[in-house]
Amino acid sequence: MNMNVQKQLWFSHVYRTYQSSLLSWFKHKLQHHHQSEDLSQEVFYRALKSQYAYESIKEPQAWLMGIAKHVIIDHWRHQHVERLYLDALTHIPEEYYPSAEHEVCIRETLYQVQLMLEKLPQRAAHVFLLSQLEGLTYYAISEKLDISEATVKRDMKLAFLACLSLYNEEN
């Protein structure tokens, strides 16, 4: 039998066997039926698009739960960014609210920037935020964090390269 057909049969079996338990796990964690369904499908989508060697997976349920934990963490991060964004909107006049299309772009961009910042070393992310959000100069950042200006420049370079890679992934 063709290896690809075997993989499809294996994946179908895993889906039928574990889909309901995965859905129950998400319902327990989230208490939202529609989100639970979406996230359980996201697990199988990620599993399917991963470069897994199905023959080497001895415990499919454990493998799926590992993916599920990453999916729920991503979901909670996304919700956190969403709450921060909605809170920020309450502080501006309604006439300056972005259109629905812009709002979707803003939310997704904020989420992507958050993911990028989480991948940076903590100090580099802090330096980047001080520069970009508080408008501090490199000298002011070096004074505030008691580090050299050269270190601030290195951290900013690291952060800008991470931003650039984020931009390159999009295009």
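The values are calculated or read from the model by the stated rules, or taken from the named source; none is laboratory data. These numbers come from a predicted model, not from an experiment. Heads up, the Cβs are rebuilt from the backbone with ideal geometry, glycines too, and the neighbour counts pull from every protein chain shown. The accessibility values were calculated without ligands, DNA or RNA, using every heavy atom of the protein model including side chains. Shrake-Rupley method; radii C 1.70, N 1.55, O 1.52, S 1.80 Å.
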Q. At a 1.4 Å probe, what is the % contribution of carbon and sulfur to the accessible area of the chain?
A. 56 percent
Q.
Give me the 1.4 Å probe accessible area per residue for the chain, excluding ligands and nucleic acids, in Å².
A. 68 Å²
Q: Put one equal scatterer on each alpha carbon of the range 86-126, apply the Debye formula with no solvent term, and list log10 I(q)/I(0) at q = 0.27 1/Å to two decimals.
A: -0.90
Q: Under 15 Å from the Cβ of Glu134, count the other residues' Cβ atoms, weight Lys and Arg +1, Asp and Glu -1, and hand me the total.
A: -1
Q: Using only Cα atoms, tell me the angle between helix 3-30 and the longest principal axis of the chain; keep it within 0 to 90° and round to the nearest 10.
A: 60 degrees
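Checking a compactness column here: for the range 75-164, what do you get for Rg(Cα) / (2.2 N^0.38 Å), N being the number of residues?
This ratio for the range 75-164 stands at 1.25.
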Q: Compute the normalised compactness of the chain: alpha-carbon radius of gyration over 2.2 N^0.38 Å, N being the residue count.
A: 1.37
(Q) For a quick size check, give me the Cα extents of the range 1-100 along its three principal axes, largest first, whole Å. (A) 64, 27, 18
**Q.** Contact order relative to length of the range 1-82, as percent, for alpha carbon pairs under 8 angstrom and 6 or more apart
**A.** 29 percent
Q.
Straight-line reach only, C-alpha to C-alpha below 18 angstrom: list the lysines that Lys49 could link to, leaving out same-chain residues fewer than 8 apart.
A. Lys7, Lys69
